[in-house]
Structure formats: structure tokens, C-alpha cells
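Asks: Supplied in C-alpha cells, the structure appears directly below.
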Amino acid sequence: MYEVIAFYTFSLLTIALFGVVVISKNALYSMSALAGGMIFIAGFFFMLEAEFLGVVQIIVYTGAVMALYAFGMMFFDTTKEVRERVHAQKVIYTLAILVAVCVVFIVSGPIVGQKMQALYPSIEGVGNIQMVGLLLFTKYLVVFELAAIMLLVAMISGILLVSDRMNLDLTLKDEDDKEREMI
Amino acid sequence: MEKYLYITLFAPLVGSLIAAFFAAKPKELYTGILTSALVGISFLSSIVLLNYVDADTILHVKMMDWISVGNLSIPFGFVVDQVSIIMMVTVTFVSTIVHIYSIGYMEHDKSFNRFFSYLSAFVFSMLILVMSDNFIGLFIGWEGVGLCSWMLIGFWYHKQSASWAANEAFIMNRIADLGMLMGLFLIYWEIGSFQYDIVFANILNLNINTVTWIGSFLFIGAMGKSAQFPFHTWLADAMEGPTPVSALIHAATMVTAGVYLIIRASDIYFLIPDVGYVIASLGAFVAVFAASMALVNRDLKRIIAYSTLSQLGYMFVAAGLGAYWIALFHLMTHAFFKSLLFLGAGNVMHAMNDELDIKKMGGLYQSMRATAILMTIASIALAGIYPFAGFFSKDKILEVAFNHEAYLLWFALFIGAGMTAFYSFRLVMMVFFGEQVHKRLGFHPHEARPFVIYALTPLALLSIVAGFLEYSFHAFVIDLLRDYKFTLDHSVGWMLIVATTAIALSGIAFAVYKYKRGGFGAGVESLGIYKLLVNQYYIPQFYNNAILKPFAAISTFFWKQIDLKIVDATVDLIGKMFYNAGGKTRQIQSGNLSSMLRWMVAGIAVMLVLAIILRPMV
Amino acid sequence: MIGLAHYLVLSGILFSIGLFGVMKRKNLLMLFFSTEILLNAVNIGFVAVGRFYGDMSGQIFAFFIIAVAASEVAVGLGLIVLWYKRTGSIDLDSLQMMKG
């Protein structure tokens, strides 16, 4: 019973918050709403007995990603609204609703392959975090390592892209050199 | 011996290819000499083969596999037997002489080298035709000679009439070849092979109706190639080509291919005497029909062309009535004297600056003695006077007709013999004797060069003596071909000979008597029959009005209405549709990320809708 | 009770909201927000399926998706900042260099 109440509450809140994200004209509102939505999604993960993922969701998304966005926004003049000239709004609404209806129709239908075999069933008496660790360091070790490298690359590129050195246009370097020589 | 076979076959091809390299160059005398020499070598090696082949030994080689698909296996095989060796010797002999003659005849032509390339290519195709050991090889040669004939008739392609005549010949032959192809398909359908020996061994097992169809279809092909009625119009028009071509292709060799086909397929025609009788009747009809047109024509070469038609009719009578060896014999002797006649006519043409109207000649004997003698010999041989070659072969054909109790055919041929004698000597008289009209018109005829005359003498000799080869010829080919049994009484045979000779002599005498004194008056030209004959029985006009014009109208209709308005329009519509669609959809590529994302979502939506519509029903 | 279908429907709705945002917004930052929504919607689907079929793979997938999202944000934000420094705008319509 609690589960039902929790699901519907979380669902409504998430949809509402995400709706705010895509509709709001102010980037700060959007970002706050997104952060809230992420927390509620973590709530779904807890309901689905994926405690580790829920915690990761909160830490990574609401903590790290949102902080990153917040810092990123400091570069921009957020008070100055970006004037968005959106044309043919009807097309957008129609398409979005059509996709929603289709997806809902598809997933609410009976799932054909009922005899799905769990590839890595959760073991009795083993906690969720233990289980995730078990899989990550056995079956998905290589992927895990690759993801680590990817994050490293992303970090370096993120730092590099916003650094001052990037003001120097690589493609315009020759002209810059000339300017420097002239000075 | 295979070596000689390959030399015979490929020497002309080699000559043709070498000459072809110089086709676009100005005249090079050695191309003519080289091709003549190679064809001469071909002739010599076929003489060797002639000595080799006898009752027990025939040469049968398989050069290589050509088509082998499923059950169909067609090798490139050649056979040298009694029939094909006779054809080979005749063809290569006449070809050699025509090649040498052409060196003189084409002396001043700017496409000298090209001419020899074509001529040798023709010889090669003709040899393929006669030497092949299967119907497909024969058909390839058949088409090959048709192609060479087209190239040579239209040799002076810048002349409208020449290219028209070439196309006429080619198209007429294609129509008839359709019949031949049907015959070949029928043979393959029923027997499953194209090899002569297999086909002839199995033909007895077939239903007689099927054999009749096969025979009829093959004969349609033969009709086209040999210019029998109703396909005869192309032969007279083919005289637009250079005269050596007329001598070689349209007198001695290619047009006799139809007769050769009947002889080669004698095992088929032997089973269907009714078809044979139809062939003979058609032959007799053409013999008289063509001879009648030759009576009044004023064009030197056309007269000889009609005479060729008429003689082909004689051959078909013999072949149709089952006297295959006689048909082959007449084919051979005819090749000699008819090519001689044509080549002589070529000399006259040259002397008269390509003037062909015999009314403008006359009295050329003074200036062209040798040619006059040669052509007279050929004409006597054609008329069939003892001891010239035509006597032996033609008389035999008349005897066959009489022996077959086909008195109507015999009578037609008998009349034809009289006509032949008349028009031959009408030609000789009007060209070489009588009043010297040409002097009045300002021509200065001159005799051809000596080597040309010398080249013609072997033909003249053979026109005289070939008849005496009759018995050895008979003994030679009878190993392969069915003999023809004469049941006539000896005295009847003699009477026939006397009658035929009499009508031939009277035809000659009438012609000599009449044209010695200036020929017929102008009154004869106003006669209805004269007009009918001069206009070739109005058959060309009939073809023009009944076939060409409606066909042209239908073609125009299809071009204007169907092709332009439906086919082209459809194709254009498709093109325009894509072009317009491209123009419209080009706007998608605006480079704007937002609109691209919209298109992406639209794509997702379409796929989702499709996934729902096309989902498997549970 | 709440079944798999509930979660999947929710996932679908959130995904559609994300698509709507992607299409509608011209602010590049908003585009990134919408992308996050899309990724999270899919994550819910993965985890729900894994949970109802007793399979851990769903969670592992979601885990990697979070990793990918984090790197995407890092690189993407860097690029936006760069673009902003260049042009003084984060309007999508200013990105027209690919116009053919």
C-alpha cells in the first residue's frame, strides 16, 4: 500500500518537475527542478531495491552533475534570458504526444517473451551493494575499467576546454602569432 | 590433315584481320596481294583436302567446346566430307579469282584496303557455313555471310541507294532467318542436339508432321538467303555493291547457301517429299518468273542478277525433287559461269565509266575483245549448249523434272531455258555487237588490265569443261548423298536433250537475229506485258505500299504516341519526381540542430508507429 | 500493486518529456538538461526490468549510463563554455556552421 502511494507521489512529482525543466524560461529554475527530479528518481531506485544505484544517483547527479551545471552557469549571464524563437510549436507537441502514446501503448501491452531467463540472478542473502560489486569486478570488469578511463578523459577534456588556453583559437593560431609579433 | 583444314578455314580470316588494320588508310597494294595470296593458300589446301577425302575417309575435327550449358553442348566442330569439300573448293576457287580480279577492279577506290578486309571476312564466314558439323555453326556462318553481304552491298555507303539496298538485303534476310531459327529450335526441342550426324540419325524417329514443320522452317531460311520468291527483291537491289561482290556473294557463293542447306539436310527432306515438291514448284516458278524479268531489263547487272535468281530456282527444283547431287553439281557449274559473267560485266562497267544501261553500249567487241569472248563463253554455258558446263547440269535438272512426272515443272523449266538463252544473248548482242551507241554518247571504252583477263581464264576454262566432270563428281558425292534413280527410257532422255538444246538454240538464234538488226522497235515498250516485266511485276511497289508504308505509319504512331507520350513521359515523371522531392527535402539540411532533432524525433515516431502496426499478433 | 508496466509507462512518459524538451528548447544548456531527463527515463526502465526479472544486469547498465552521463556533462559543458566565450551566446540558432 505504501508502495502504491510512494510510486504515484514520486511519479507525479517527477513528471511535474521535469515538466518545469523543459518549460521554464529561467535556466536557474530549470536546474533546480532537474535536481529535484533526480532525487525522486533515486527514490524509485530505492523502491526497486537498487539501493546502491539510488545512492549513486543522488551523489553523482544531484551532487556532482548539478554542481557542474551550476558552476557552468556561472560562465553565462543567466539573468539574460536566451530569447528562443520557436516556430511550429504544434509539430513539437504532436510529435511528443505521439511518441508518448506509442511508448505507453507498447510497454503496457503484454510482454511476449514471458520465459525470460535471468542472466545474473541476485543471490539469496547477498546484499545489493555486494552484488553490484561482485558483478562489476567479475563479469563487467573490462567495461568498468573502460568507464573509468572514459571518465578520466572526460575530466581532462572538461578542464582543458574551459581553461584560458582554449581562448587561443587553434585554427587561428597563425594570425595570433602574427599579432604577437606585431606587438 | 587437320592442318590443312585449319589453313583452309583461317587463312582468309588472317588476311581479313591484317587488311582491317589498314582499313582507314589510303590504298596499299599489298593488302590486296596478301589477302589474295591467303585465299589462294586456302584454295590450295582445300584441293589437298579434296584429294584426301574419299568414300571411306572424311575429316571430322572438334576444335573446341563452345557452348556447354546443361544438356546443351555445342562444340566448334568442322567436318570435311564430300558435300562440304565441293563447296569449299568452289568457294575458295571463285574467291581467289575474285580477289585477284578486285585488285584491278578496285584500283582507284579510296577504300581499297577495307574492301579486301570485308571480302576475306566473307570467305571466312562462308567457309564456317559450309564446314561446320552442326546447325549452330552453320547458322553463325549464315549470319556472318549476311553481315559481310550487308557491309559489301553498302560498301559505297555514301550513296543513298547503296545503303538502302544493303539494309533491304539485311532486313529481308533477318525475316527469313526467323524461320530458320524456328526450324533450329524445333530440331533442338525434338532431338536435343544440333550435330548433323545425331540429328539425321534420329530424324526417322520423329513424327512426320514435326519433320514437315522442321523442313518448312529451314526452307524459309533458305528462301531468304537464296532470294526465292517472295524474298527475291533484295538480290536485284544488291547490285548496288561493287561488281566483284556481286560475282562472289550474289552469284557464286552466298546465295547458294540456301541450296547448300537443303542438300546438307537432305536426310530431312528425303522424308518429306511433299515439302520437296513445294520447294521444286517454287523453284520452277522463280526460274520462269525471274527469267521473264531479265528479258526486258536494261540494267547490265540486274539482268545477270535475275538470271542468278532463275538458276537458283533450277537448283531448288533439283533439290526439291530429291536429286541432291544434281543440285550441287549445278551449284558448282553455275558458280563458275555466273561469276565469270559478272566479272566480265565489271570489265564492261569500268570501260563505260560505270554506265549500266545496255542500250547505251553496243559494238564493244572492237575495243574489248577478250572480255567479249569470256562473256560469250559464260553466256553459252548459262544457256546450256553442249559441251559447255551449263548443258550438263541444267539438262539433268530438266530430266529430273520429267522423270518425276512433274510435267508442269518440266515445261516451266523448259520455257525458262529458252528465256535464259534469249536474255543471255540479248545481253551479249546489245553490249558487244550491233550499233556502236556508246561512241555517239562519247564513251571511250578500253580493255581491262591483262592480269585481270588472265585471272578470269580459269573460270572460262571451267565453264567450258566442268561439265565433263559429271561422272567423277557423281561418283564422288554419291557416297554421302542419296543417288537419284532415273527411270526414263534412254530414248526419252535423248529427246529431252534434243528438245532443250533446240529451245536454247532457238532462243539464241532469235536474240542474235533480232538484235543484229537493232532489236525490237519502240512499239514493244508500250505493251502491257513489257511494263509489267520492267516494273518487276510491281512487286517492289506492292511491298512498298502494303508493308513499308503501314509499318512506317505504325512505327511513327508508336514513336509519337506510345514512346514519347507514355514511356518517355513516365521516365521523365519519375526523374522530375525525385528532382522535386530533392528540392523540397533540401530544406531539411538547414544545418540547424533544432530542426534536425525534430526530424530525428519524427523518425522515432514513425518507427514506433510502424512497430505497433507491424507487431506480431499473439 | 505496482507492476513492471507502471514503471515502464512512467519511463516512457519521462522520455517523451525529454524529447519534447530536446525539440522545443533553443538554449543549449536546456538541451543538456533534456538529455539528462532522457537518460534518467531509460535508467528507470532498466532498473525496473532488472528488478522484476530478478536480474542484476539492469542495475549495472544503469550504473554505466550514469557514468556516461557524467562524462557527457563534463565534456559538453566545457564545449558550451567555449562556445559562449567565442560568440557570447548559447542560442542553438547561432550554431549554423554546418548549413549546407
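The values are calculated or read from the model by the stated rules, or taken from the named source; none is laboratory data. Note that the coordinates shown come from a computational prediction; the quantities given were computed from them, not determined experimentally. Here the Cβ is made from the backbone with ideal geometry for all residues, glycine too, and neighbour counts use every protein chain on show. The area values use the complete protein model at the heavy-atom level, side chains included, leaving out ligands, DNA and RNA. Shrake-Rupley method; radii C 1.70, N 1.55, O 1.52, S 1.80 Å.
Asks: Using Cα positions and a limit of under 17 Å, work out the aspartates and glutamates in reach of B:Lys516, with same-chain residues fewer than 8 apart set aside.
Replies: B:Glu435
Asks: Further question on the same structure: Compute the angle between helix C:28-52 and the longest alpha-carbon principal axis of chain C, please, reported from 0 to 90 degrees and rounded to the nearest 10.
Replies: 10 degrees
Asks: Something else about it: Work out how much length B:Glu355 to B:Asn580 would gain on full extension: take 0.36 nm times their residue separation and subtract the Cα-Cα distance, in nm to one decimal. Present the calculation step by step, with values, prior to reporting the outcome.
Replies: Working: separation 225, 0.36 × 225 = 81.00 nm, distance 6.39 nm.
Extending this stretch completely gives an extra 74.6 nm.
Asks: Within 10 Å of each Cβ of A:6-15, how many other protein chain Cβ atoms are there on average? Could the numbers behind the result be given before it?
Replies: Details: counts 1, 5, 3, 0, 1, 7, 0, 0, 8, 4.
Across the residues of A:6-15, the mean count of other-chain Cβ atoms within 10 Å is 3.
Asks: Say each of B:Ala611 and B:Val492 gets a label point 7 Å from the Cα, pointing the same way as Cα to Cβ; how far apart are those two points in nm?
Replies: 9.9 nm
Asks: Taking the Cα-to-Cβ direction at B:Lys439 and at A:Val142 and moving 7 Å from each Cα, how far apart do the two end points lie in nm?
Replies: Label at B:Lys439, label at A:Val142, 11.2 nm between them.
Asks: Sticking with this one: Tally up the carbon and sulfur contribution to the accessible surface of segment A:1-84 as a whole percent, 1.4 Å probe, everything protein left in place.
Replies: 74 percent
Asks: Can I ask one more? Would you list which lysines come within 16 Å of B:Lys3, measuring only between C-alpha atoms, while excluding same-chain residues fewer than 8 positions from it?
Replies: B:Lys62
Asks: Now for a separate question. How much accessible area per residue does segment B:301-416 have, counting only protein heavy atoms and a probe of 1.4 Å, in square angstrom?
Replies: On the way: 2530 Å² over 116 residues.
Using a 1.4 Å probe on heavy atoms only, each residue of segment B:301-416 averages 22 Å².
Asks: Whenever you get a sec, compute what percent of the accessible area on segment B:541-617 sits on carbon and sulfur atoms (1.4 Å probe). If you can, show how the numbers build up before the last one.
Replies: Numbers: 4440 of 5950 Å².
The nonpolar share, carbon plus sulfur, comes to 75 percent.
Asks: Also, quick follow-up: Give the cross-link partners of B:Lys531 among the aspartates and glutamates, using a straight C-alpha distance below 20 Å as the criterion and excluding same-chain residues fewer than 8 apart.
Replies: B:Asp237, B:Asp299, B:Asp357
Asks: Once you compute Rg and the Kirkwood Rh from C-alpha atoms, what is the Rg to Rh ratio for segment B:541-617?
Replies: Ratio of gyration radius to Kirkwood radius: 1.45.
Asks: Hey, quick one: spin label on B:Asp479, modelled 7 Å out along Cα-Cβ, who in segment B:304-331 has an amide N within reach, i.e. under 15 Å?
Replies: Hits in segment B:304-331 for B:Asp479 at 15 Å: none.
Asks: Another question about this same structure. Could you tell me whether segment A:1-84 comes out rounded, prolate or oblate from its Cα gyration tensor? Rule is a ≥ b ≥ c as square roots of the eigenvalues, rounded for a/c under 1.5, then prolate if a/b exceeds b/c, otherwise oblate.
Replies: oblate
Asks: Over all directions, how big on average is the projection of the convex hull of the alpha-carbon atoms in the protein assembly as shown, in square nanometres?
Replies: Values: hull surface 252.8 nm².
Average of the hull's projected areas for the protein assembly as shown equals 63.2 nm².
Asks: Run the simple label-point estimate for B:Tyr454 and B:Ile198 please: 7 Å along Cα→C-beta, distance reported in nm.
Replies: The two pseudo-label positions are separated by 5.1 nm.
Asks: Return the whole-Å distance between the Cα centroid of segment B:505-566 and the Cα centroid of segment C:26-60.
Replies: Cα centres, segment B:505-566 to segment C:26-60: 93 Å.
Asks: Could you compute how much accessible area chains B and C hide from each other, both sides summed, with a 1.4 Å probe? Nearest 100 Å² is fine. Walk me through the intermediate numbers first.
Replies: Values: alone 26660 and 7240 Å², together 32940 Å².
Summing both chains' loss of accessible area gives about 1000 Å².
Asks: How much FRET efficiency would the formula 1/(1 + (r/R0)^6) give for A:Thr94 and B:Thr570, where r is the Cβ-Cβ distance and R0 is 35 Å, rounded to 0.05?
Replies: 0.45
Asks: Using a 1.4 Å probe and counting only protein heavy atoms, arrange A:Glu145, B:Glu399, A:Glu124, C:Glu72 so the residue with the most accessible area comes first. Walk me through the numbers on the way to the answer.
Replies: Working: A:Glu145 95, B:Glu399 25, A:Glu124 170, C:Glu72 50 Å².
Of A:Glu145, B:Glu399, A:Glu124, C:Glu72, the descending order of accessible area is A:Glu124, A:Glu145, C:Glu72, B:Glu399.
Asks: What accessible area, in Å² to the nearest ten, does a 1.4 Å probe give for B:Lys360?
Replies: 80 Å²
Asks: Something else now. What angle do you read, to the nearest 10 degrees and between 0 and 90, between the alpha-carbon axis of helix B:369-383 and the longest principal axis of chain B?
Replies: Result, in degrees: 80.
Asks: Follow-up. Measure of size requested: the Rg and Dmax of segment A:33-73, with Cα atoms as the atom set and Å as the unit; please supply both.
Replies: In order Rg, Dmax, the Cα atoms of segment A:33-73 give 10.5, 35 Å.
Asks: Taking Cα centroids, how far is segment B:401-446 from segment B:38-60 in Å?
Replies: Measuring centre to centre over Cα atoms gives 36 Å.
Asks: State, in square angstrom and to the nearest 100, the accessible area buried between chains B and A, both chains counted, probe radius 1.4 Å. Could you put the intermediate results ahead of the total?
Replies: Details: alone 26660 and 15630 Å², together 41370 Å².
It comes to approximately 900 Å² buried between B and A.
Asks: For segment B:1-133, build the charge dipole from Cβ charges (+1 Lys, Arg; -1 Asp, Glu) around the Cα centre, then report which of B:Asn71, B:Tyr52, B:Ile18 sits farthest towards its positive end.
Replies: B:Ile18
Asks: For each pair in B:Lys439/B:Lys514; B:Lys110/B:Lys514; B:Lys27/B:Lys159, compute the distance between the two Cα atoms and list the pairs where it is over 31 Å.
Replies: Numbers: B:Lys439/B:Lys514 22 Å; B:Lys110/B:Lys514 42 Å; B:Lys27/B:Lys159 20 Å.
Distance filter (> 31 Å) returns B:Lys110/B:Lys514.
Asks: Total Å² of accessible surface buried at the A-C contact, 1.4 Å probe, nearest 100? Intermediate results must be reported in sequence, preceding the final value.
Replies: Values: alone 15630 and 7240 Å², together 15760 Å².
Its buried surface, counting both partners, is about 7100 Å².
Asks: Now, a different point. Going by accessible area, probe 1.4 Å, with all protein chains left in place, what is the ranking of B:Val130, B:Val534, largest first? Intermediate values should be presented prior to the final figure.
Replies: Details: B:Val130 0, B:Val534 60 Å².
The ranking, largest first, comes out as B:Val534, B:Val130.
Asks: I've got another one for you. I'd like the FRET efficiency for B:Asn544 and A:Phe105, computed as 1/(1 + (r/R0)^6) with the beta carbon distance as r and R0 of 51 Å, rounded to 0.05. Each step should come with its number before you reach the end.
Replies: On the way: r = 75 Å, r/R0 = 1.46.
About 0.10, to the nearest 0.05.
Asks: Out of every Cα-Cα pair in chain B, what percent are more than 43 Å apart?
Replies: Details: 52010 of 190653 pairs.
Tail fraction, whole percent: 27.
Asks: Is the C-alpha gyration tensor of segment C:4-89 telling us rounded, prolate or oblate? Criteria: a/c under 1.5 is rounded; beyond that, a/b larger than b/c is prolate, otherwise oblate. List each step's numbers first, then the result.
Replies: Values: a/c = 7.31, a/b = 1.90, b/c = 3.85.
Here segment C:4-89 falls in the oblate category.
Asks: So, one more: Decide, for segment B:77-236, between rounded, prolate and oblate: order the square roots of the alpha carbon gyration tensor eigenvalues as a ≥ b ≥ c, take rounded if a/c falls under 1.5, and otherwise choose prolate if a/b is larger than b/c, else oblate.
Replies: On the way: a/c = 2.96, a/b = 1.66, b/c = 1.78.
Because a/c hits 1.5 or more and a/b fails to exceed b/c, segment B:77-236 counts as oblate.
Asks: List the residues of segment B:571-618 for which accessible area in the full set of protein chains is at least 40 Å² lower than for the chain on its own; 1.4 Å probe, protein heavy atoms only.
Replies: The answer is B:Ser590, B:Gly591, B:Asn592, B:Leu593, B:Ser594, B:Leu597, B:Arg598, B:Val601, B:Ala605, B:Leu608, B:Ile612 - residues whose exposure falls by at least 40 Å² when every protein chain is included.
Asks: So, one more: Put +1 on the Cβ of each Lys and Arg and -1 on the Cβ of each Asp and Glu in segment C:4-89; which of C:Ala74, C:Leu10, C:Phe52 then has its Cα farthest toward the positive end of the dipole?
Replies: In segment C:4-89, that residue is C:Ala74.
Asks: While we're looking at this one, here's another question. On a 0 to 90 degree scale, rounded to 10, what angle separates helix C:4-24 from the longest Cα axis of chain C?
Replies: 10 degrees
Asks: How would B:Val477, B:Val437, C:Val42 line up by accessible area, probe 1.4 Å, largest first?
Replies: On the way: B:Val477 0, B:Val437 25, C:Val42 50 Å².
The ranking, largest first, comes out as C:Val42, B:Val437, B:Val477.
Asks: Which whole-number value in Å² is the accessible area per residue of segment C:4-89, probe 1.4 Å?
Replies: Details: 2210 Å² over 86 residues.
I get 26 Å² per residue for segment C:4-89.
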